[in-house]
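J.: Structure below; questions to follow.
The values are calculated or read from the model by the stated rules, or taken from the named source; none is laboratory data. From a predicted model like this one, the values you see are computed outputs, not experimental measurements. No Cβ is skipped: glycine too gets one built from the backbone with ideal geometry, and neighbour counts run over all protein chains shown. All accessible areas refer to the heavy atoms of the entire protein, side chains included, with ligands and DNA or RNA removed. Shrake-Rupley method; radii C 1.70, N 1.55, O 1.52, S 1.80 Å.
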Amino acid sequence: MTTPEDASPSPTSRVPATRKSATRIVVMGVSGAGKSTIGTLVADALNVPFVDADSLHPLGNVRKMAGGTPLDDDDRWPWLYLVGHELAATTASGIVVACSALKRRYRDAIREQAPDTIFLHLDGTLEVLSARLEGRSGHFMPPKLLASQLEALEPLEADESAVVVDVGGSMSEILDRAVSGIRQVHGQ
């Protein structure tokens, strides 16, 4: 087993204490990591629905971020409640939700409603993430907020069901590592 610090091409996985029937996944990471793209591909590979948590943000949050102002916790709690609810309420065999989930307390808030959630952390270097953000258009998260997100990111801890995948490879490599890691954690 590797750790995120190893930066090896294989995912880091932690097996959950209990297993539920639905596979609930949060694809997490900073802006530019590929949460929506990889999340959609993972959902397709697992034949489950995909939800981008950005679509669950209240309009005030979207306006704030578009104006270059980072969200504070008061902005995030109602949104995280909706993310957790979306995961918990699925009637499908699983669900994939793209959500930054940068801090432990945010992941804990999600797990309050969906305790068996697996967090897929898309991890990358500042250079890779910056390049991805520069090439993206039509998104409300400006590239200048990347530094604040990287500063806010709290690594996954040993008691969190998790898969960590480096985003430096091709989409195919990232997808293969992600799906393999999720199946290992979920016991499939």
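J.: Checking residue 126 against (1) surrounded by 14 or more Cβ atoms within 10 Å (Cβ to Cβ); (2) at negative phi, which single condition isn't satisfied?
T.: (1)
J.: What are the pairs, 6+ residues apart or on separate chains, where a residue within segment 77-97 that is in contact (Cβ under 8 Å) with a residue 60 or more places away in the chain and more than 11 Å from residue 56 (Cβ to Cβ) has its Cβ under 7 Å from a residue that is of a type in the set (Gly, Ala, Ser) and in a helix (DSSP H, G or I)?
T.: Listed by first residue and then by second, the contacts come to 96/39; 96/43.
J.: Checking residue 85 against (1) out of contact with any Phe, Trp or Tyr (no Cβ under 9 Å at 6 or more places or on another chain); (2) part of a helix (DSSP H, G or I); (3) buried (at least 18 other Cβ atoms within 10 Å of the Cβ), only one condition comes out false. Which one?
T.: Of everything listed in (1) out of contact with any Phe, Trp or Tyr (no Cβ under 9 Å at 6 or more places or on another chain); (2) part of a helix (DSSP H, G or I); (3) buried (at least 18 other Cβ atoms within 10 Å of the Cβ), residue 85 misses just condition (3).
J.: Tell me whether segment 153-176 contains one or more residues that are touching a residue at least 12 places away in the same chain (Cβ under 8 Å), assigned to a helix (DSSP H, G or I) and open to solvent by 70 Å² or more (accessible area, probe 1.4 Å).
T.: Yes, some residue in segment 153-176 is touching a residue at least 12 places away in the same chain (Cβ under 8 Å), assigned to a helix (DSSP H, G or I) and open to solvent by 70 Å² or more (accessible area, probe 1.4 Å).
J.: Only one of (1) open to solvent by 60 Å² or more (accessible area, probe 1.4 Å); (2) within 16 Å of the chain's Cα centre (by Cα); (3) at pLDDT below 95 fails for residue 135. Which number is that?
T.: (2)
Listed here are the residues, each with its yes/no results for (1) open to solvent by 60 Å² or more (accessible area, probe 1.4 Å); (2) within 24 Å of residue 145 (Cα to Cα); (3) assigned to a loop (DSSP other than H, G, I, E, B); (4) modelled with pLDDT under 95.
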{"site": "68", "(1), (2), (3), (4)": "no, yes, yes, yes"}
{"site": "71", "(1), (2), (3), (4)": "no, yes, yes, yes"}
{"site": "76", "(1), (2), (3), (4)": "no, yes, no, yes"}
{"site": "79", "(1), (2), (3), (4)": "no, yes, no, yes"}
{"site": "91", "(1), (2), (3), (4)": "yes, no, yes, yes"}
{"site": "96", "(1), (2), (3), (4)": "no, no, no, no"}
{"site": "105", "(1), (2), (3), (4)": "yes, yes, no, no"}
{"site": "109", "(1), (2), (3), (4)": "no, yes, no, no"}
{"site": "122", "(1), (2), (3), (4)": "no, yes, no, no"}
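J.: When you check residue 156 against the structure, is it under 17 Å from residue 24 (Cα atoms) and either within 15 Å of the chain's Cα centre (by Cα) or not hydroxyl-bearing (Ser, Thr, Tyr) (or both), yes or no?
T.: Numbers: under 17 Å from residue 24 (Cα atoms): yes; either within 15 Å of the chain's Cα centre (by Cα) or not hydroxyl-bearing (Ser, Thr, Tyr) (or both): yes.
In short, yes.
J.: In addition: For residues that are open to solvent by less than 60 Å² (accessible area, probe 1.4 Å), in a helix (DSSP H, G or I) and free of Cβ contacts under 8 Å to residues at least 24 places away in the same chain, tally how many sit in segment 41-63.
T.: 2
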